[in-house]
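Visitor: Please see the structure below; I have some questions.
The values are calculated or read from the model by the stated rules, or taken from the named source; none is laboratory data. Computed from a predicted model, the values in this text were never measured in an experiment. Every residue, glycine among them, receives a Cβ derived from its backbone with ideal geometry; neighbour counts consider all protein chains shown. Quick note on the areas: whole protein, heavy atoms, side chains included, nothing else; ligands and nucleic acids left out. Shrake-Rupley method; radii C 1.70, N 1.55, O 1.52, S 1.80 Å.
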Amino acid sequence: MALTENKNFLSPVGFRLKLDSTKYPNLEYFCSGVTLPSISLSDAPMSYGSINYAEPGDKLAFGDLTIKFNITEDMDNYIETYDWIRSMVVDGNAHRCDATLAVLSSHNNVNKEIKFNSIFPAELSEIVFSSTETEIAYVEASVTFKYTEFKFI
């Protein structure tokens, strides 16, 4: 494998998230951060004589996909996410969708895309209101998604 020719570093602000914008347009639009999940490989314990050692296993485990978003004044994006979670339990609507994280180059062009298959929200964070703040810091929330896998496309 040759040394890369592109020596620009990855910027943490160069991304776009694409969800099902017909159902969740506000969550997608006001997304302010995404945590690319971890991936781990299980090991298979092996025994040889008087020692135990590990061999690569056959199962991958993916960490959770976490999205941070700015909450609108009317709370539209928080409520649409709340309703998504609630509908899975109350209405039995197990709506899943795919999501794509576009990683942008230093020129703001799509450089890589990461597709998350069959996501659904598993946790919506709390909202903190405080009358003792001295500066205006707009309210943010995060939503944690479960999914089947992610792939670079």
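Visitor: Restricted to the range 136-146, and to residues that are hydrophobic (A, V, I, L, M, F, W, C) and closer than 18 Å to residue 78 by Cβ, which residue is surrounded by the most Cβ atoms within 10 Å (Cβ to Cβ)?
Guide: Across the range 136-146, the extreme among qualifying residues is 143.
Visitor: Quick one: is residue 133 within 24 Å of residue 38 (Cα to Cα) and either among the basic types (Lys, Arg) or open to solvent by 30 Å² or more (accessible area, probe 1.4 Å) (or both)?
Guide: Against the criterion (within 24 Å of residue 38 (Cα to Cα) and either among the basic types (Lys, Arg) or open to solvent by 30 Å² or more (accessible area, probe 1.4 Å) (or both)), residue 133 does not qualify.
Visitor: Step by step: first the residues of the range 63-83, then only those that are part of a strand (DSSP E or B) and of a type outside the set (D, E, K, R), then the one that is surrounded by the fewest Cβ atoms within 10 Å (Cβ to Cβ). Which residue is that?
Guide: Across the range 63-83, the extreme among qualifying residues is 70.
Visitor: Picking from 60, 36, which residue would you name as being under 22 Å from residue 104 (Cα atoms), surrounded by 10 or more Cβ atoms within 10 Å (Cβ to Cβ) and among the aliphatic types (A, V, I, L, M)?
Guide: 36
Visitor: Take the range 98-123 and flag every residue that is within 16 Å of residue 23 (Cα to Cα) and touching a Leu at 6+ places or on another chain (Cβ under 6 Å).
Guide: Within the range 98-123, just 99 meets the criteria.
Visitor: Let me ask something else about it. Tell me which residues, restricted to the range 108-126, are touching an Asp or Glu at 6+ places or on another chain (Cβ under 9 Å) and either open to solvent by 80 Å² or more (accessible area, probe 1.4 Å) or not small (Gly, Ala, Ser) (or both).
Guide: 115, 116, 117, 119, 123
Visitor: Taking interchain pairs and intrachain pairs at least six residues apart, which have beta carbon atoms under 7 angstrom, with the first residue in the range 54-71 and in contact (Cβ under 8 Å) with a residue 60 or more places away in the chain and the second of a type in the set (D, E, K, R) and open to solvent by 40 Å² or more (accessible area, probe 1.4 Å)?
Guide: If the second residue must be of a type in the set (D, E, K, R) and open to solvent by 40 Å² or more (accessible area, probe 1.4 Å), the pairs left are 62/149; 64/146; 68/140; 69/140; 70/140; 71/140.
Visitor: Go through 105, 42, 47 for me and flag whichever is out of contact with any Lys or Arg (no Cβ under 6 Å at 6 or more places or on another chain) and either free of Cβ contacts under 8 Å to residues at least 24 places away in the same chain or loosely packed, with under 14 Cβ neighbours inside 10 Å (or both).
Guide: When all the criteria are applied, what remains is 47.
Visitor: A further question follows. For residue 23, are the conditions met, namely being among the charged types (D, E, K, R) and in a loop (DSSP other than H, G, I, E, B)?
Guide: So residue 23 fits the description; yes.
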